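Novice: Let me give you the structure first, and then I'll get to my questions.
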There are 2 protein chains.
Amino acid sequence: MNGAESLVATLVGQGVDICFANPGTSEMHFLAALGNNPKMRSVLCLFEGVATGAADGWYRMKDTPASTLLHLGPGLANGLANIHNAKRASSGMVNVVGEHSVSHLKYDPPLTSDIEGLARPLSHWVRRAESPDTIAWDAAQAVSKASEHPGQIATLILPGDTSWQTVTATPATSPVRADAHKAPSTARIEHIARVLRSGEPTLIVLANKATRGAALDKAGRVAAATGATLGSQFFTARIERGAGRVPLARIPYAVAQATAFLKDFRHIITVETREPVAFFAYPDKPSLLKAEGTLLHTLVDDDEDSEIAFDMLLQALGGTNTAPVLQPRIETPKPTGALNPTSIAHALAAALPEHCIVVDESLTTGRESMSLTMGALPHDLINNMGGSIGYATPVATGAALACPDRRVFCMVGDGSAMYTIQSLWTQAREGLNVTTIIFANNSYAILKAEYANMGAGAPGERALSMIDIDKPSIDWLAMAKSMGVPAVAVETAESFHKALVDSAREPGPSLIEVRL
Amino acid sequence: MNGAESLVATLVGQGVDICFANPGTSEMHFLAALGNNPKMRSVLCLFEGVATGAADGWYRMKDTPASTLLHLGPGLANGLANIHNAKRASSGMVNVVGEHSVSHLKYDPPLTSDIEGLARPLSHWVRRAESPDTIAWDAAQAVSKASEHPGQIATLILPGDTSWQTVTATPATSPVRADAHKAPSTARIEHIARVLRSGEPTLIVLANKATRGAALDKAGRVAAATGATLGSQFFTARIERGAGRVPLARIPYAVAQATAFLKDFRHIITVETREPVAFFAYPDKPSLLKAEGTLLHTLVDDDEDSEIAFDMLLQALGGTNTAPVLQPRIETPKPTGALNPTSIAHALAAALPEHCIVVDESLTTGRESMSLTMGALPHDLINNMGGSIGYATPVATGAALACPDRRVFCMVGDGSAMYTIQSLWTQAREGLNVTTIIFANNSYAILKAEYANMGAGAPGERALSMIDIDKPSIDWLAMAKSMGVPAVAVETAESFHKALVDSAREPGPSLIEVRL
């Protein structure tokens, strides 16, 4: 057994059984080890941003980390933007980054760079594997770190010689994974209970693991027992929503709407999140969105367990037996006529099949109208937590691998889709059940609004030409065809609805160009 | 005037009059300033790796830096791989990276990251612009740094408030740019002259600015006067080559061939480069390529001027009037029949028009046969210096903007092309004279050889499936169409030759899929 084989065996032994890979010369032994271990699934990606985004998507659905294989410093660099998004989503991930052998590094060959330096700003844990005898220990630590709550980014640097040398000692036993179910203090629960009993208008903002499963259900009971409003930030890692789920009010994106939404709450209680802040700074607009005089209270810290916290709170409130208010099913008729944010949302509401997954990076077209899908059949909604565009198509790829029986709808603007469009190829290769919905407005449309929001006035012709992407406009049917994904273009609400329904009937990937 | 306008005015005033941009919300004032300054050309790129690679291509042809506009830490991260390649090519570049306003940063909004931390490993100079009053000074320093010899990576972080606030003081005068023409010491020249006079077999390895213009001509005179061999590393930033140019012997890529090539030289003299080393480490293969007993001598350090050095050396040798040996023109007949590395090289040799630019990232198919184009019409050859794939299509984009009257041929493997394929869109948008030649072998073919070189044996079916990219094979005609670039596919040497000739006749971009 060599170092690479020990590493792969350890990953698999610790439950990390998928690797999103874009290998290079220095990773050939790792590739061999991947190929020789039948318990490890290797998924080839044609760009590293696809690999890291797919690992994020995997974690969002599984709550366990995937691994990535990246080729030295530049390969890691290509994956960093989606590592940033994953980090902000509290997704755990184990990155294996190839490196020159120790003996070769001192000659500073062309692909040499400061891998630790590149890894540190966006990793919680970075280590260089120094020996094939200790790599099992390193790998187990990486998985342990990535599996913490909240999920962490663990980056293990793998020199070629560590990879190819023979393991001579018995691999060290793996560290026990800390299964953290940390509870908030009783004092904090009592404080929050007092706030809720006051009857003053209160918003409970849920995030991360609190927006689904038993934690969400129990949050719903707290709200029903106290009259508090349940809400979410504008972006959430994953929400279980739709008919029969506890509904959450979404804090709007735009500063004016967000402050208007928040202004009547006397209290904001945070659960696995922080005080709502503006996404960007604008001249003469506030960064903090709550009203002056609104009081902020932490119920659940990032590393605490929301389900336990809500159990404690329900006991303190005497509300254990209160039923949560659930979202009723809203039957949305098939829309007809022109495509616009409302008819698009209606088409989604009517077409989304039960238990599907919606990955949203639609920025201008889709996201302001997602409230119209609240009464759709139950589904999961995934958002971009880090704001770096190009997250949706990779995350959809990883989510589809994590949940092969569930259709994934990836809603993405044309500008964002172009960042990591190589995802389509992996979707075709693996036959993934992903419907990519391209909102083709031939523009970074959000920037037109932001230009004005920034007080930069109306963009002149030259500035506007840097926001529009219509010269040439992208031919999305050709793009999909180039990577083996069947595609249709739609220009009406009814044809969009039909395309959504059709795509969910056929296994494998498809793409819908929504012409706006 | 606001900070952004002061920044753009300073860049233009210092000769940096092109900006490869992918803007976001925090850069709207910079975008407005770009649009309002008619002396600045803005080129929109749909992915940041295209922007930084294009800036590299611009520098390779102009020897002056371009600027890039990148959106916060993740935007910079997306550009880092091609910044790495540019850094290794000694290309200067001024990166402007947007950032949240100071007042907003403390709330840690989603797009926040350690931008300095991300920039430092691959930048020579990093600064955060703290005030609109001093940004002109900062920008002038960035340009000065980027313009040093060898070229440097300068990264200026631009907070939103620095960008939008009004300049209240007269912008500070710009730093004087150090015009370095640093000469080697006389003692060193005398030492090298003694080596050359010894008559012992000597290889002079030229790099960076020594592989073109007057420096190359004078190196040719030294070789003619002394019998020394002129050579280059396997990869060179830019070589002026072809008929009438001083020819350079290329040190092979593979370790066995490289050591065989070098073994008979008693002396290796380096000019703006270092001792030849293997690109990767392999078990049981050396990192250093020269034979034991071969002596290494530095003639020109990285920051010295090769033309001055060769002038001094010619004087010391009494060879000032020696004519260089020039490459004779070799008329290559149009090849026919099957496509293979030899017939492909023959087609290129026959078709390359005078003064064209060849950007080579063909790895397996093209690069081992480039010697067959030595007698083609004079042209420039550009290589990937950093080894991070996905450099060629962006570099070709930047080179075409730098030299609008010269056709650029971008030779690229399918695997590499997929990294930064968004370049095609910018080429279509700007009507650039780029012929992209895709060597479609449906494989990371180099890795098959490297797998064996690494001693990992013959790849099994599962490992092989991670090297082949044929499921699905990429439809390059559809890919080109999707971004508005006309394309043809060729399957014979004669049709490849015809496609090359045709592409050079029509202005604007085109793509040739070479089916292998």
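The values are calculated or read from the model by the stated rules, or taken from the named source; none is laboratory data. Quick caveat, the model's predicted, so the values are computed rather than measured. In this analysis, Cβ positions are derived from the backbone assuming ideal geometry, glycine residues included, and neighbour counts consider all displayed protein chains. These accessible areas exclude ligands, DNA and RNA; they are computed on the full protein's heavy atoms, side chains included. Shrake-Rupley method; radii C 1.70, N 1.55, O 1.52, S 1.80 Å.
Novice: Which residues of the range B:31-77 end up with at least 20 Å² less accessible area in the presence of all protein chains than when their chain stands alone, using a 1.4 Å probe?
Specialist: B:LEU31, B:ALA32, B:GLY35, B:SER42, B:LEU44, B:LEU46, B:PHE47, B:PRO74, B:ALA77
Novice: Using the basic label-point model (7 angstrom from Cα toward the beta carbon), what is the B:ALA449 to B:ASP301 distance in nanometres?
Specialist: For B:ALA449 paired with B:ASP301, the spin-label model returns 3.6 nm.
Novice: What percentage of the solvent-accessible surface of the protein assembly as shown, computed with a 1.4 Å probe over protein heavy atoms, is contributed by carbon and sulfur atoms?
Specialist: Taking all protein chains in place, the protein assembly as shown shows 52 percent carbon and sulfur surface.
Novice: Calculate the FRET efficiency for B:ASP108 and B:THR166 from the Cβ-Cβ distance with a Förster distance of 25 Å, rounded to the nearest 0.05. Please list the in-between numbers first.
Specialist: Values: r = 28 Å, r/R0 = 1.11.
Step by step, r from the Cβ atoms, then E = 0.35.
Novice: Would you mind working out the accessible area per residue for the range A:80-168, using a 1.4 Å probe, and quoting it in Å²? Could the numbers behind the result be given before it?
Specialist: On the way: 2450 Å² over 89 residues.
It amounts to 28 Å² per residue over the range A:80-168.
Novice: List the distances, in nm to one decimal, from the label point of B:SER198 to the label points of the same position in every other copy, shortest first, placing each label point 7 Å from Cα along the Cα-to-Cβ direction.
Specialist: Spacings between copies for this position, smallest first, are 8.7 nm.
Novice: Let me ask another. If N is the number of residues in the range A:341-515, what value comes out of its Cα radius of gyration divided by 2.2 N^0.38 Å?
Specialist: Output field value: 1.01.
Novice: For the range A:152-305, what is the Kirkwood hydrodynamic radius in Å, using each pair of distinct C-alpha atoms?
Specialist: In the range A:152-305 this quantity evaluates to 18.1 Å.
Novice: Starting from the 7 Å offset along Cα-to-Cβ, what nm value, one decimal, do you get for the label separation of B:LYS334 and B:LEU464?
Specialist: About 3.8 nm, to one decimal.
Novice: Looking down the axis that turns A into B, which residue of A has the closest beta carbon, and how many Å out?
Specialist: So the closest residue, with its distance, comes out as A:ALA478, 2.
Novice: Might you tell me the accessible area per residue for the range A:303-454, computed with a 1.4 Å probe and given in Å²?
Specialist: Each residue of the range A:303-454 exposes 29 Å² on average to a 1.4 Å probe.
Novice: Nearest 100 Å², what total accessible surface is buried between chain A and chain B (probe 1.4 Å)?
Specialist: Working: alone 20550 and 20550 Å², together 33240 Å².
Its buried surface, counting both partners, is about 7900 Å².
Novice: Which value results when the Cα radius of gyration for the protein assembly as shown is divided by 2.2 N^0.38 Å?
Specialist: Cα Rg divided by the expected 2.2 N^0.38 Å: 0.96.
Novice: While we're here: Any idea what the dipole of the range B:341-515 comes to, in debye rounded to 20, about its Cα centre with Lys/Arg Cβ at +1 and Asp/Glu Cβ at -1?
Specialist: On the way: 11 positive and 18 negative charges, 31 e Å.
That gives the range B:341-515 a dipole magnitude of about 140 debye.
Novice: Rounded to the nearest 500, what is chain B's calculated 222 nm mean residue ellipticity when only DSSP H runs of at least 4 contribute -39500 (n - 2.57) each, over all residues? If you can, show how the numbers build up before the last one.
Specialist: Working: 21 runs with 196 residues, N = 516.
Here the helix-only value at 222 nm equals -11000 deg cm²/dmol.
Novice: I need the fraction of alpha carbon pairs in the range A:3-164 separated by more than 20 Å, rounded to a whole percent.
Specialist: When all Cα pairs of the range A:3-164 are counted, 40 percent exceed 20 Å.
Novice: Compute the FRET efficiency between B:ALA260 and B:GLU506 as 1/(1 + (r/R0)^6), taking r as their Cβ-Cβ distance and R0 = 60 Å, and round to the nearest 0.05.
Specialist: Efficiency, rounded to the nearest 0.05: 0.85.
Novice: Over the Cα atoms of chain B, what is the Rg over Rh ratio if Rh follows Kirkwood?
Specialist: Values: Rg = 23.7 Å, Rh = 24.0 Å.
Checking Rg against Rh, the ratio lands at 0.99.
Novice: Trypsin sites (Lys or Arg not before Pro) within the range A:208-267: which are DSSP loop residues with at most 16 other Cβ atoms inside 10 Å?
Specialist: A:LYS263, A:ARG266
Novice: Let me ask something else. What distance in nm separates the simple spin-label points at A:HIS355 and A:GLU494, each placed 7 Å from Cα in the Cβ direction?
Specialist: Roughly 3.3 nm, to one decimal.
Novice: Here's another thing I want to ask about it. Below 10 angstrom from the Cβ of A:LEU313, what's the summed charge of the other residues (Lys, Arg +1; Asp, Glu -1)?
Specialist: Result for the neighbourhood of A:LEU313: +1.
Novice: Ranked highest first by average number of other Cβ atoms within 10 Å, how do B:395-401, A:340-346 line up?
Specialist: On the way: B:395-401: 31.4, A:340-346: 19.4.
The most tightly packed comes first, giving B:395-401, A:340-346.
Novice: While we're on this one: Mind checking the log10 I(q)/I(0) for the range B:325-409 at q = 0.23, 0.25 Å⁻¹? Debye, one equal scatterer per Cα, no solvent, two decimals.
Specialist: -1.19, -1.28
Novice: Over the range A:468-516, with the other protein chains present, what is the accessible area per residue in square angstrom, probe 1.4 angstrom?
Specialist: About 42 Å² of surface per residue is accessible.
Novice: Ok, one more. At 7 angstrom along the Cα-to-beta-carbon line, where would the label on A:ASP284 sit relative to the other copies? Give the distances in nm, shortest first.
Specialist: 7.4
Novice: Could you sort the residues of the range A:257-281 by number and keep only those whose accessible area is reduced by 30 Å² or more in the all-protein-chain setting relative to the chain alone, 1.4 Å probe?
Specialist: At a threshold of 30 Å² (probe 1.4 Å), the residues of the range A:257-281 that become less exposed are A:VAL277, A:PHE279, A:PHE280, A:ALA281.
Novice: Nm distances between the label at B:ASN321 and the same-position labels in the remaining copies, 7 Å along Cα→Cβ, shortest first?
Specialist: 11.5
Novice: Give me the net charge of B:LEU326's neighbourhood, meaning all other residues with Cβ under 12 Å from the Cβ of B:LEU326; Lys, Arg count +1, Asp, Glu -1.
Specialist: +2
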